[in-house]
Amino acid sequence: MSTPESQPPSEDAASVSKKAAKKEAAKQEKLRRRHEQEALAAATRSLAVDDEQDPLAANYGDVPLNEIQSKTVEDVRRWTEVGALTNTLENRSVLIRGRAQTIRAVGKNMAFVVVRERGFTVQCVATVQPDTVSRQTVKYVAGLSRESIIDIEGVVSVPSVEIKGTTQQVEVQVRKVYCVSKAAVLPINIEDAARSDAEIEKALQAGEKLVRVNQDTRLNNRVLDLRTPANQGIFRIQSQVGNIFRQFLLSEDFFEIHTPKLIAGSSEGGAAVFRLDYKGQPACLAQSPQLHKQMAICGDFGRVFEIGGVYRAEDSYTHRHLCEFIGLDVEMEIKSHYSEVMDIVGRLFVTIFDTLNKTCEKELEAVGRQYPFEPLKYLPETLRLTFEEGIQMLKDAGVEVDPMGDLNTEVERKLGQLVLEKYGTEFYILHRYPLAVRPFYTMPCHDNHAYSNSFDVFIRGEEIISGAQRVHVPELLAERAQACGIELKTISTYIDAFRYGAPPHGGFGVGLERVVMLFCGLNNIRKTSLFPRDPLRIAP
């Protein structure tokens, strides 16, 4: 018979033990932080005592609030950006502001602080000097908390050896240093958040252990995570994509509109909408600007585009879906054939890719250091394949697919691989989709109503664009809406817009975050969304 001591603990006991261990770990972490804060406070008090006896006390210290409340008008030309610090400024006095990225004391007479501003870094050296830098100054620098915002006034010097770990190959010899905003104890370290998987694995093989910051931790502390070089690069690239998109379309005689995001009914069909009460009336957030950008065409705007929020209430937990994203939308009159829309798509995206490769070299390099990727392969003239041709390529490769069904993610990737092998491109257009898998407002093909005048566009085997010629005949539009289960009364104003004469037209919608994700070869769309909104996340 087993004694009580020899019996395994019950599930309840194990659970209690696990909770107790977790509670104890949390307690120890809280205690550690309190000790750090007390130590910092003690150092500050000690420094204050020293300052009373330091004749150079005016050359360092925390900037009081009233000094940063725009009390005086400063000449902005006095300031030098960290990225502008080069050997051409040798022996020149400069004033810089940035974050204290790393701090290292070397005895009592010298301390180093790496200052970061907008992704650029420079090493600053505080060395005891008569009449300029006291021991208390060095002590103050050594006691700065990481990520605090500091001002440094000093002289630029050019060291004889390469400086590793900073972008600028000069040093600033500190004369004055002030803390503008003191950072608390960091929940994550920027250095940890900036490491690549390859760096972590290499250290592991060498018997070292580096901290890996997981995605949820990053997103919970997004303000800190955004400070990494890779994220600085990602969102500057994203800004450029929006800018190129706008400038290209303006040059093609499009103009920008802004459509409502509060609408009376679904704009895409189906039930994946965010419903809300609008002053006692049922309403929802727009799944796209589709209906209103078409109405703008009916208002004789000719060619329009929009950059704005799009809302999808889908319970999608994939690497490429969000509940809120930035849509890049286009709508235009068609003179004779929906290929006119595909012409715009092809030239627009080749322009985006060419411009990013030319103007964002540093940003792409910063992204690649943490998330290595191969440059996107694309053709000067964008490849177009019909849906039937794509299906045939899959069948020839032994992939069984429904010839009249939609393509799932796995099949899209396989087709992307086949296209790359045969045509040498990772960017292409697939058109003439089956009508049954497209939205109600899609125009059927003239020669076969089982197909439609529609297209999808792919990057690295993943869909980034859906587009089509739209139905502009009210009777056919009503028929198609009913067939898709949409109540006509919810889109009556939309259908009525076509009763007063509507030109043939078409357009497309692009997800900004998805474009950047795939161009940079990233594995998750949350990396390219500033503050992601998915089924599980609505903060920060």
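Key figures for this structure:
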{"quantity": "Label-point gap, in nm, between Ala183 and Leu530 - each point 7 angstrom along Cα→Cβ", "calculated": "2.1"}
{"quantity": "Cα-centred dipole magnitude for the chain, charges only on beta-carbon of K, R (+1) and D, E (-1), debye, nearest 20", "calculated": "1640"}
{"quantity": "Residue-averaged 222 nm ellipticity for the chain, from DSSP H runs of 4+ at -39500 (n - 2.57), nearest 500", "calculated": "-10500 deg cm²/dmol"}
{"quantity": "Over the range 255-325 - Rg/Rh using Cα atoms and the Kirkwood inverse-distance radius", "calculated": "1.01"}
{"quantity": "Mean projected area in nm² (Cα convex hull; one quarter of hull surface) for the range 56-139", "calculated": "6.7"}
{"quantity": "Volume per residue that the Cα convex hull of the chain spans, once the total is divided by residue count, Å³", "calculated": "277"}
{"quantity": "Loop-resident sites, the range 290-389, for chymotrypsin sites (Phe, Trp or Tyr not before Pro), counting at most 14 other Cβ within 10 Å (DSSP)", "calculated": "Tyr317"}
{"quantity": "Qualifying GluC sites (Glu not before Pro) in the range 70-165, DSSP loop, other Cβ atoms within 10 Å at most 12", "calculated": "Glu74, Glu90, Glu162"}
{"quantity": "Members of Lys139/Lys362; Lys395/Lys527; Lys293/Lys335; Lys362/Lys422; Lys139/Lys182 lying beyond 27 Å, as alpha-carbon distances in this model show", "calculated": "Lys139/Lys362; Lys395/Lys527; Lys362/Lys422"}
{"quantity": "Solvent-accessible area per residue, Å², over the chain with all protein chains present [probe radius 1.4 Å]", "calculated": "52"}
{"quantity": "Charge dipole of the chain about the Cα centre (unit charges at C-beta), most positive-ward option of Pro503, Val73, Ile486", "calculated": "Val73"}
{"quantity": "With every protein chain in place, the chain: carbon and sulfur % of accessible area (1.4 Å)", "calculated": "52"}
{"quantity": "Mean Kyte hydropathy of 0.0 or more with a Cα span along the axis of at least 27 Å, helices from DSSP in the chain", "calculated": "229-251, 339-359"}
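The values are calculated or read from the model by the stated rules, or taken from the named source; none is laboratory data. Fair warning: this is a prediction, and the values are worked out from it, not measured in the lab. Glycine also receives a Cβ, built like all others from the backbone with ideal geometry; neighbour counts cover every protein chain displayed. Accessible surface is based on the protein model in full, side chains and every heavy atom, while ligands, DNA and RNA are left aside. Shrake-Rupley method; radii C 1.70, N 1.55, O 1.52, S 1.80 Å.
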